[in-house]
Amino acid sequence: MRVFVTGATGFIGTAVVRELIDAGHQVLGLARSDAGAKSLVAAGAEVHRGSLEDLDSLRSGAAAADGVIHTAFIHDFSNYGPAAEADRRAIDTLGGTLAGSDRPLIITSGTLLVQRQGALATEEDAPNPNFPRKSEEAALALAARGARPSVLRLPPSVHGNGDHGFVPRLIGIAQEKGVSAYIGDGLNRWPAVHRLDAAHLYRLVLEKGTAGASYHGVADEGVPTREIAAAIGRGLNVPVVSKSREEAADHFGWLAHFFGVDAPASSAQTRERLGWRPVQPGVIADLNAEHYFEHAADAVPLHS
Ligand SMILES: NC(=O)c1ccc[n+]([C@@H]2O[C@H](COP(=O)([O-])OP(=O)(O)OC[C@H]3O[C@@H](n4cnc5c(N)ncnc54)[C@H](OP(=O)(O)O)[C@@H]3O)[C@@H](O)[C@H]2O)c1
């Protein structure tokens with residue numbers, strides 16, 4: 001298939017591009033800079049210049065493809081409302097272009113959007129309507145217009161070499177404060193997946209996914225956050241400590257909310273329906289590998 005990939009230059013998108021090309025697909029990757037275009041060419045993809053704000057570029061990219069994988073997102077947490085709205089508009093535009101054909105659209109969402117404090121989130125759960133990110137609602141509304149959208153939910157830690165998400169941010173905080181902390185008893189759980197396993201799942205959903213279905217790219221169902229803190233403490237050689245909920249806001253800043261949730265998620269239905277089997281290291285094994293700490297001094301807040 002010829003697949004239009006948005007976010008093709010990102011942490012997850014680059015792995016998706018490689019997965020697709022290795023499996024014999026052609027990739028048309030969205031690039032908004034010369035550097036992005038160059039990296040796509042080097043990866044063996046065709047370049048489609050444009051951006052999330054340039055809806056015509058999304059229309060023409062989707063029109064030229066047999067299917068679309070949407071991973072681009074403006075990760076500006078200080079301006080989240082407009083970022084979520086840009087995502088909603090992009091999905092509406094991509095899906096509107098594919099409507100009336102049998103060409104699939106796979107959009108990206110998160111398991112945190114369906115988390116139910118402590119209960120195992122499943123593919124059947126609906127997203128929390130109070131979240132500003134409306135990727136799923138936008139995609140599923142397209143089904144009524146004759147499009148074939150599927151939802152791929154990712155856990156809060158998609159890890160691997162080049163990670164610049166929550167885990168490096170936790171490493172940066174531990175390094176700055178001289179302690180690696182968890183909140184309360186640290187038994188609250190985070191699900192996780194390696195980026196290469198996630199990329200493989202995008203391909204399976206593209207090739208075999210059901211329109212209107214949600215899939216969970218979850219390898220580790222729920223890793224206690226104190227185990228994550230312990231692995232970071234080992235990597236940095238700093239003490240591992242508990243912070244109360246009150247202290248956590250000061251210690252972790254905006255990340256306190258995310259690191260404090262108990263958000264286990266299942267991928268049983270995804271594995272059953274698509275035969276997906278994650279094979280890469282789990283988040284703790286990945287943290288025990290040295291690459292997370294080689295550049296610990298450079299760890300910065302997530303898209304600060
Ligand atoms: N990483 C995680 O742990 C994680 C966890 C859960 C969910 N997710 C979701 O997974 C998806 C991919 O995440 P990621 O970690 O790969 O993100 P990332 O590394 O930050 O990459 C974001 C991608 O979006 C592109 N992009 C940003 N703003 C754009 C704009 N205005 N127009 C066009 N393209 C734009 C970037 O292009 P440039 O290269 O030009 O900047 C890049 O290709 C996102 O939806 C994210 O929310 C990620």
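The values are calculated or read from the model by the stated rules, or taken from the named source; none is laboratory data. Small disclaimer: the values here were computed from a predicted structure and weren't measured. Heads up, the Cβs are rebuilt from the backbone with ideal geometry, glycines too, and the neighbour counts pull from every protein chain shown. Just so you know, the surface numbers come from the protein's heavy atoms only, side chains and all, with ligands and any DNA or RNA stripped out. Shrake-Rupley method; radii C 1.70, N 1.55, O 1.52, S 1.80 Å.
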Members of region 55-75 found to be open to solvent by 40 Å² or more (accessible area, probe 1.4 Å) and near the ligand (Cβ under 8 Å from one of its atoms), listed by number: Ile74, His75
Would it be correct to say that Ser180 is over 26 Å from Ala119 (Cα atoms), in contact with a Lys or Arg (Cβ under 9 Å, 6 or more places away or on another chain) and among the small types (Gly, Ala, Ser)? yes
Of the residues in region 126-144, those that are of a type in the set (S, T, N, Q) and in a helix (DSSP H, G or I) number 1
Determine which member of the set Asp220, Asp163 is open to solvent by 30 Å² or more (accessible area, probe 1.4 Å) and within 16 Å of the ligand (Cβ to nearest atom). Asp220
Hey, Ile12 hits all of (1) within 11 Å of the ligand (Cβ to nearest atom); (2) touching a Leu at 6+ places or on another chain (Cβ under 7 Å); (3) of a type outside the set (Phe, Trp, Tyr) but one; which does it fall short on? (2)
Return the residue satisfying two criteria in turn: it lies in region 76-97 and is within 29 Å of Ser266 (Cβ to Cβ) and surrounded by 20 or more Cβ atoms within 10 Å (Cβ to Cβ), and of such residues it is nearest to the chain's Cα centre (by Cα). Asp87
Would you mind stating whether Glu207 is modelled with pLDDT of 95 or more, within 23 Å of Trp254 (Cβ to Cβ), more than 14 Å from the ligand (Cβ to nearest atom) and open to solvent by 30 Å² or more (accessible area, probe 1.4 Å)? no
Find all pairs meeting these conditions: Cβ atoms under 9 angstrom apart; at least six residues apart or on different chains; first residue within region 8-19 and under 19 Å from Asp34 (Cα atoms); second residue in a helix (DSSP H, G or I) and within 6 Å of the ligand (Cβ to nearest atom). Ala8/Gly36; Thr9/Gly36
Of all residues in region 76-110, count the ones that are among the acidic types (Asp, Glu) and modelled with pLDDT under 95. 2
Determine whether region 115-134 contains at least one residue that is open to solvent by less than 10 Å² (accessible area, probe 1.4 Å), at pLDDT below 95 and within 17 Å of the chain's Cα centre (by Cα). no
What pairs can you find where one residue is in region 129-145 and within 17 Å of Tyr215 (Cα to Cα) and acidic (Asp, Glu), the other is open to solvent by less than 70 Å² (accessible area, probe 1.4 Å) and not in a loop (DSSP other than H, G, I, E, B), and their Cβ atoms are less than 6 Å apart, with a gap of 6+ or different chains? Glu136/Ser109; Glu136/Val151
Please note which helices (runs of 4 or more DSSP H) are completely contained in region 1-74 and include at least 2 residues that are within 17 Å of the chain's Cα centre (by Cα) and β-branched (Val, Ile, Thr). 11-22
Only one of these conditions is not met by Gly100: (1) in contact with a helix residue (DSSP H, G or I) (Cβ under 7 Å, 6 or more places away or on another chain); (2) surrounded by fewer than 19 Cβ atoms within 10 Å (Cβ to Cβ); (3) within 28 Å of Ser60 (Cβ to Cβ). Which number is it? (1)
